[in-house]
Amino acid sequence: MVFGKGMKVVLWGALAIMTPGRKAFAQVLTNTSEGALSANIPFGNLTPGNSTTPASTEIQFNIRSNNDNGYRVLASAVFNVAPTSSAQGGTTVSASDIGVGISSVVNGNATRTPRVDTVASGFNYNPATVAAVNGLTPYGGAASGRATLSDIVANPNTTILSGPKIANNQGINNQNNFLTVTITFGLVGQFFTPATLSGMLTLTIVNIP
């Protein structure tokens, strides 16, 4: 869609996901190929239009824990925006425009059952399925049940997932002793100030004492 003097309002960027390294004992967080988790999740170019469907992307990772008291997955984030021209009546994209939710937790065949793994309040949703009704972001933050990246930026080491002991061992040579977690991100194209965005989401798994 073209606004004003033939100006096409576009915004592009990516978030990076990483973990500080695999833990040696009791708990392990890896990518789905059992390596260190490090990934880019590009949104690509976003143009304002009449679609109510967010642009979305996702990342999957495996977690293992043989700690008797269970585990927690913590998230911290930073977010940066660099405008590439004047506002021209638009608003600058912010971390609160990006929905973040845990859309799936799948048990491996050798995980301990029955089990209840708890997604933190506000993160238990799929941002890709939330339609915009007024052309603006449909994500109101964790308190509204639709968490955003801003919730994590404002609260480093936010617990986003927790649960009981996953399996009797945490060895990555076992292809059945983990949970596969999917995090989905969503962003609705709007009349944003032309800009590039970047960010880093860091995930860590820790024992529950």
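Since every read-out is calculated from the coordinates, none of them should be taken as a lab result. Keep in mind that this is a model prediction, so the values were computed, not measured. So basically every Cβ, Gly included, is an ideal-geometry build from the backbone, and we count neighbours across all protein chains shown.
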Per-pair calculated FRET efficiency, R0 = 30 Å: residue 86 and residue 172 via Cβ, rounded to 0.05: 0.05
Ascending count of other beta-carbon atoms within 10 Å, so fewest first, for 98, 59: 59, 98
Global form of segment 62-209, assessed from the alpha-carbon gyration tensor, a/c cut-off 1.5: prolate
